[in-house]
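First up is the structure itself, then whatever we jot down about it.
The values are calculated or read from the model by the stated rules, or taken from the named source; none is laboratory data. Predicted, not measured: the structure shown is a model, and the values here were computed from it. With ideal geometry, Cβ positions are generated from the backbone for all residues, glycine too; neighbour counts draw on all protein chains shown. What goes into the accessible areas is simple: the full protein's heavy atoms, side chains included, and nothing from ligands, DNA or RNA. Shrake-Rupley method; radii C 1.70, N 1.55, O 1.52, S 1.80 Å.
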Amino acid sequence: MAQIDTGGDSGKGKSHQKKMSIHVDFTPMVDMNMLLITFFMLCTTMIKSQTLQISLPTNEKVEKEQQNKVKQSEAITVILDSDIDENGTPTKNYLYYYEGMIPLTEDGQVDLALNPMKEEQFLGNENGAARGMRKIFQDRNKQVLEKINVLKEQWKNKELASTEAANDSVYQARAKEIRNDSNLTRPVVIIKATPNAAYESVVTALDEMQINSISRYQIDRISHNDSVLMMALKGIPYGQTPAEE
Amino acid sequence: MGKVKIKRKSTLIDMTAMSDVTVLLLTFFMLTSTFLQKEPVTVITPSSVSEIKVPTANLVTVLVSPKGNVFISLTGDKDSTYSSENMRAELIKSVVAEYNKVYNKNISLTAAEVSTFAKTNMFGVSIAELKGWLDLSQEQRDAYIDPSKNPEKAGIPIDMNQDLSKPNEFQIWMRAIYNLSNPNIEGTIKRGEGIAIKADKSTTYDKIQVVMDNLQTMKMNKFSLMTALKTEDE
């Protein structure tokens with residue numbers, strides 16, 4: 001390949017010119033290229049990070065009357081907590097949830113006899129079936145998900161519009177419509193993380209909202225009553241609740 | 001007689017084909033790659049199914065180390081008037097002016113210090129120490145903001161301050177970024193694409209909450225969290 005045949009024809013000529021072959025050794029070139037490739041492979045990022053967009057409410061004080069009260073039947077409160085080691089690194093993540101409100105006794109204390117809190121886990125799908133907390137969310141958001149799944153089929157078959165791009169944008173717009181359709185029963189998820197909770201759990205919880213097409217969710221501070229319930233569930237007697245707020 | 005003639009075989013292998021392949025690979029890597037930005041702490045972000053990509057321009061990355069040190073990195077526009085370097089130079093000037101006004105200090109930076117700052121991707125020191133930090137050599141600067149080597153000084157001071165008439169340093173930085181002459185960055189921040197929080201997945205939530213609370217106080221309540229991609233089965 002890298003030989004240039006400069007030899008003349010050796011038949012009739014009087015002066016018998018020697019066949020010369022210029023052979024270039026490419027080995028050093030390959031060596032150098034390999035080094036450069038190694039350099040680029042080590043110094044670059046191939047995968048671009050993704051982002052999860054969230055919007056929080058403003059910090060401004062809202063008048064009590066103006067606050068949107070979450071309907072009791074729609075509310076699911078998710079509580080995230082973690083054990084931490086002496087370096088402050090979370091070691092084990094916990095997930096608790098309860099539906100509706102915290103039951104109170106007549107004097108306004110938490111009614112521990114009716115503890116609605118349960119322990120759950122964030123689990124991925126197994127053979128396409130939801131498990132753990134995702135199953136609970138999906139059951140609560142069934143009406144929305146059914147419509148979304150129908151739409152998703154149409155989107156996959158490109159029935160929504162003629163071109164690929166239009167198909168995508170119609171899908172996005174309709175999916176948003178369905179997610180915000182107030183005629184459907186949709187849950188409101190309140191995500192509360194303790195100060196020790198791993199950031200990973202918070203992101204997983206927010207991610208579940210996307211996966212399950214839940215449009216109404218909020219991140220809130222953990223309340224005293226929440227921690228009382230959580231401690232009771234963990235079997236730590238009340239009074240040893242960690243300080244908060 | 002009897003001598004066996006051993007034929008000498010040349011061991012030369014033609015490397016041309018090999019060279020062709022390596023050059024192709026090299027071209028591929030050069031074209032597809034974006035260089036890793038140097039960051040004071042390496043973090044492993046949590047994963048999500050979200051497929052929205054991090055924007056490449058007009059982005060503020062707030063890096064939170066597992067110990068709660070906060071660093072900021074500013075990426076400018078593709079347009080050269082609003083390039084990263086120009087924006088950072090403008091940023092540091094307005095931040096120092098604001099800091100002097102709020103805290104009654106008298107810090108002034110030289111042109112060399114401003115240009116050093118403009119070339120720095122990620123920063124995280126208190127404004128009072130900024131001048132001294134910029135006078136250090138590259139290596140010393142990196143060591144200074146490395147939380148494992150200098151846990152006391154690394155990071156931008158941040159607290160739960162809610163009084164914007166006396167902003168904390170993180171708030172001064174963020175507000176100065178928002179008010180930069182580049183109109184696009186204001187747009188991306190308003191849409192919630194302009195601010196990305198990057199933190200390790202094993203960071204405890206209280207450290208992230210401080211940053212989120214500060215952003216909320218400044219009415220920058222739309223932002224994004226940097227994540228890695230995963231599928232629904234994970």
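Test each condition in (1) away from every other protein chain (no Cβ under 14 Å); (2) of a type in the set (G, A, S); (3) assigned to a loop (DSSP other than H, G, I, E, B) for B:S10 and report the one that comes out false.
Of (1) away from every other protein chain (no Cβ under 14 Å); (2) of a type in the set (G, A, S); (3) assigned to a loop (DSSP other than H, G, I, E, B), only one is false for B:S10: (1).
Would you be able to tell me the number of residues in the range A:87-122 that are exposed (fewer than 14 other Cβ atoms within 10 Å of the Cβ), within 14 Å of chain B (Cβ to nearest Cβ) and at pLDDT 85 or above?
3
Looking at (1) outside any loop (DSSP other than H, G, I, E, B); (2) open to solvent by less than 50 Å² (accessible area, probe 1.4 Å), which is the only condition B:K131 fails?
Among (1) outside any loop (DSSP other than H, G, I, E, B); (2) open to solvent by less than 50 Å² (accessible area, probe 1.4 Å), B:K131 violates only (2).
So for the range B:5-16 (the condition being among the hydrophobic types (A, V, I, L, M, F, W, C) and in contact with a Leu (Cβ under 6 Å, 6 or more places away or on another chain)), does at least one residue qualify?
Taking the range B:5-16 first, the residues among the hydrophobic types (A, V, I, L, M, F, W, C) are B:6, B:12-13, B:15.
Now drop any that are not in contact with a Leu (Cβ under 6 Å, 6 or more places away or on another chain), which leaves none.
Scanning the range B:5-16, I find no residue that is among the hydrophobic types (A, V, I, L, M, F, W, C) and in contact with a Leu (Cβ under 6 Å, 6 or more places away or on another chain), so the answer is no.
From the list B:L215, B:L164, B:L180, exactly one residue is under 18 Å from the mean Cα position of the chain (by Cα), within 14 Å of another protein chain (Cβ to nearest Cβ) and hydrophobic (A, V, I, L, M, F, W, C). Which is it? Working first, answer last.
Details: B:L164 fails: under 18 Å from the mean Cα position of the chain (by Cα); B:L180 fails: within 14 Å of another protein chain (Cβ to nearest Cβ).
Being under 18 Å from the mean Cα position of the chain (by Cα), within 14 Å of another protein chain (Cβ to nearest Cβ) and hydrophobic (A, V, I, L, M, F, W, C) holds for just one of B:L215, B:L164, B:L180, which is B:L215.
When only residues in the range A:160-215 that are surrounded by 21 or more Cβ atoms within 10 Å (Cβ to Cβ) and away from chain B (no Cβ under 12 Å) count, which is nearest to B:E234 (Cα to Cα)?
Looking at the filtered set, the residue picked out is A:I214.
Taking the range B:187-202 as the search range and keeping residues that are assigned to a loop (DSSP other than H, G, I, E, B) and within 18 Å of the chain's Cα centre (by Cα), which one is farthest from the other protein chains (Cβ to nearest Cβ)? Let's see the steps before the verdict.
Here is the first cut: in the range B:187-202, the ones assigned to a loop (DSSP other than H, G, I, E, B) are B:192-194, B:200-202.
Now restrict to residues that are within 18 Å of the chain's Cα centre (by Cα): B:192-194, B:200-201.
Details: B:G192: 5, B:E193: 7, B:G194: 11, B:D200: 7, B:K201: 4 Å.
By that ranking, first place goes to B:G194.
Each row is one residue, and each column tells you yes or no for (1) part of a loop (DSSP other than H, G, I, E, B); (2) within 14 Å of chain A (Cβ to nearest Cβ); (3) without any contact (Cβ under 8 Å) to a residue 40 or more places away in the chain; (4) aliphatic (A, V, I, L, M).
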| position | (1), (2), (3), (4) |
| --- | --- |
| B:M160 | yes, yes, no, yes |
| B:I185 | no, no, no, yes |
| B:S224 | no, yes, no, no |
| B:T231 | yes, yes, no, no |
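Please name all residue pairs, on different chains or six or more residues apart, with Cβ atoms under 6 Å, provided the first residue is in the range B:28-52 and is under 23 Å from A:E200 (Cα atoms) and the second residue is assigned to a loop (DSSP other than H, G, I, E, B) and basic (K, R).
Sorted first by the residue in the range B:28-52, then by its partner, the pairs are B:I44/B:K201; B:P46/B:K201; B:S47/B:K230.
Just to be sure I understand, how many residues within the range A:24-44 are assigned to a helix (DSSP H, G or I) and more than 7 Å from chain B (Cβ to nearest Cβ)?
As a first pass, look at the range A:24-44 and keep what is assigned to a helix (DSSP H, G or I): A:27-43.
Applying the additional criterion that residues be more than 7 Å from chain B (Cβ to nearest Cβ) yields A:28, A:31-32, A:35, A:38-39, A:42.
Counting residues in the range A:24-44 that are assigned to a helix (DSSP H, G or I) and more than 7 Å from chain B (Cβ to nearest Cβ) gives 7.
If the Cβ limit is 9 Å and pairs must be 6+ apart or interchain, which residue in the range B:57-85 that is more than 14 Å from every other protein chain (Cβ to nearest Cβ) and open to solvent by less than 10 Å² (accessible area, probe 1.4 Å) pairs with which residue that is of a type in the set (D, E) and not in a loop (DSSP other than H, G, I, E, B)?
B:G76/B:E85
Matching residues to (1) under 20 Å from B:S65 (Cα atoms); (2) buried (at least 20 other Cβ atoms within 10 Å of the Cβ):
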site: B:Q138; (1), (2): no, no
site: B:W173; (1), (2): yes, yes
site: B:I177; (1), (2): no, yes
site: B:T188; (1), (2): no, no
site: B:T203; (1), (2): yes, yes
site: B:D206; (1), (2): yes, no
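Identify all residues within the range B:208-234 that are surrounded by fewer than 21 Cβ atoms within 10 Å (Cβ to Cβ) and closer than 15 Å to A:T204 by Cβ; write none if there are none.
The answer is B:A228, B:L229, B:K230, B:T231, B:E232, B:D233, B:E234.
Does A:K147 fit the bill of being more than 30 Å from A:S227 (Cβ to Cβ), outside the structural domain of A:P103 (by TED's automatic domain parsing) and at pLDDT 85 or above? Spell out how you get there, then give the answer.
Working: more than 30 Å from A:S227 (Cβ to Cβ): yes; outside the structural domain of A:P103 (by TED's automatic domain parsing): yes; at pLDDT 85 or above: yes.
Against the criterion (more than 30 Å from A:S227 (Cβ to Cβ), outside the structural domain of A:P103 (by TED's automatic domain parsing) and at pLDDT 85 or above), A:K147 qualifies.
For the range B:33-53, enumerate the residues that are within 7 Å of chain A (Cβ to nearest Cβ) and either assigned to a loop (DSSP other than H, G, I, E, B) or surrounded by fewer than 16 Cβ atoms within 10 Å (Cβ to Cβ) (or both). Outline the logic, then answer.
First, pick out the residues of the range B:33-53 that are within 7 Å of chain A (Cβ to nearest Cβ): B:33-36, B:45-46, B:48-53.
Scanning the range B:33-53 gives B:S33, B:T34, B:F35, B:L36, B:T45, B:P46, B:V49, B:S50, B:E51, B:I52, B:K53.
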